[in-house]
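Peer 1: Mind looking over this structure? Questions follow.
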């Protein structure tokens with residue numbers, strides 16, 4: 001027998017109690033267990049351990065249950081806040097893209113008007129208009145790079161949940 005056969009048998013033994021093993025694999029495992037004492041011993045010990053674990057009642061203290069429930073609620077609130085933020089970010093992006101397109105067109109027209117009105121060269125006005133349009137995006141990108149962490153940190157969320165839980 002190869003080491004691969006033993007590894008496959010051990011994997012099937014572990015999967016046998018928790019998930020459905022295909023019929024072909026189950027037949028192969030039964031044949032392997034009939035001829036391999038080492039894997040048969042492992043299967044018996046594994047089954048005995050499973051029975052022992054199922055026979056012992058495990059209970060959690062009320063404080064553990066309460067803390068776990070509070071953390072689950074805090075995590076759910078955090079995920080809901082993240083989802084809400086993503087919706088707001090998507091709406092803001094769409095509105096920003098539309099307003100940028102409209103304002104870009106208006107500023108370009110305004111730059112042409114300024115060039116005609118004051119007799120300036122388009123070579124001076126057009127780069128100025130482009131810089132004026134791109135500058136806010138560069139400032140926001142710089143701020144986002146400078147402050148990459150979320151505004152509401154986990155410890156603040158935990159403190160908020162504890163405070164809310166204590167007032168109920």
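The values are calculated or read from the model by the stated rules, or taken from the named source; none is laboratory data. Here the structure is a predicted model, which is why all the values come from computation and not from measurement. In this analysis, Cβ positions are derived from the backbone assuming ideal geometry, glycine residues included, and neighbour counts consider all displayed protein chains.
Peer 1: Quick check on this structure: which one of 33, 106, 45 is surrounded by 10 or more Cβ atoms within 10 Å (Cβ to Cβ) and modelled with pLDDT under 90?
Peer 2: On inspection, the qualifying residue turns out to be 106.
Peer 1: Still on this model: Could you check, for segment 57-67, whether at least one of its residues is more than 30 Å from residue 158 (Cα to Cα), surrounded by fewer than 14 Cβ atoms within 10 Å (Cβ to Cβ) and free of Cβ contacts under 8 Å to residues at least 12 places away in the same chain?
Peer 2: yes
Residue-wise test of (1) under 30 Å from residue 131 (Cβ atoms); (2) outside the structural domain of residue 138 (by TED's automatic domain parsing).
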| residue | (1), (2) |
| --- | --- |
| 10 | no, yes |
| 20 | no, yes |
| 27 | no, yes |
| 38 | no, yes |
| 73 | no, no |
| 87 | no, no |
| 98 | yes, no |
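Peer 1: Next up: Does residue 92 fit the bill of being loosely packed, with under 10 Cβ neighbours inside 10 Å and either outside any helix (DSSP H, G or I) or without any contact (Cβ under 8 Å) to a residue 24 or more places away in the chain (or both)?
Peer 2: So residue 92 does not fit the description; no.
Peer 1: If we scan segment 46-64, do we find a residue that is within 28 Å of the chain's Cα centre (by Cα), in a helix (DSSP H, G or I) and over 30 Å from residue 129 (Cβ atoms)?
Peer 2: So far as segment 46-64 goes, yes, one or more of its residues are within 28 Å of the chain's Cα centre (by Cα), in a helix (DSSP H, G or I) and over 30 Å from residue 129 (Cβ atoms).
Peer 1: Which numbered condition in (1) within 18 Å of residue 4 (Cβ to Cβ); (2) assigned to a helix (DSSP H, G or I); (3) in contact with a helix residue (DSSP H, G or I) (Cβ under 8 Å, 6 or more places away or on another chain) is the only one that residue 31 fails?
Peer 2: (3)
Peer 1: Across segment 72-89, which residue is farthest from residue 161 (Cα to Cα) among those that are more than 16 Å from the chain's Cα centre (by Cα) and without any contact (Cβ under 8 Å) to a residue 40 or more places away in the chain?
Peer 2: 89
Peer 1: For residue 78, which of the numbered conditions (1) under 30 Å from residue 158 (Cα atoms); (2) not assigned by TED's automatic domain parsing to the domain that holds residue 158 fails to hold?
Peer 2: Failed condition: (2).
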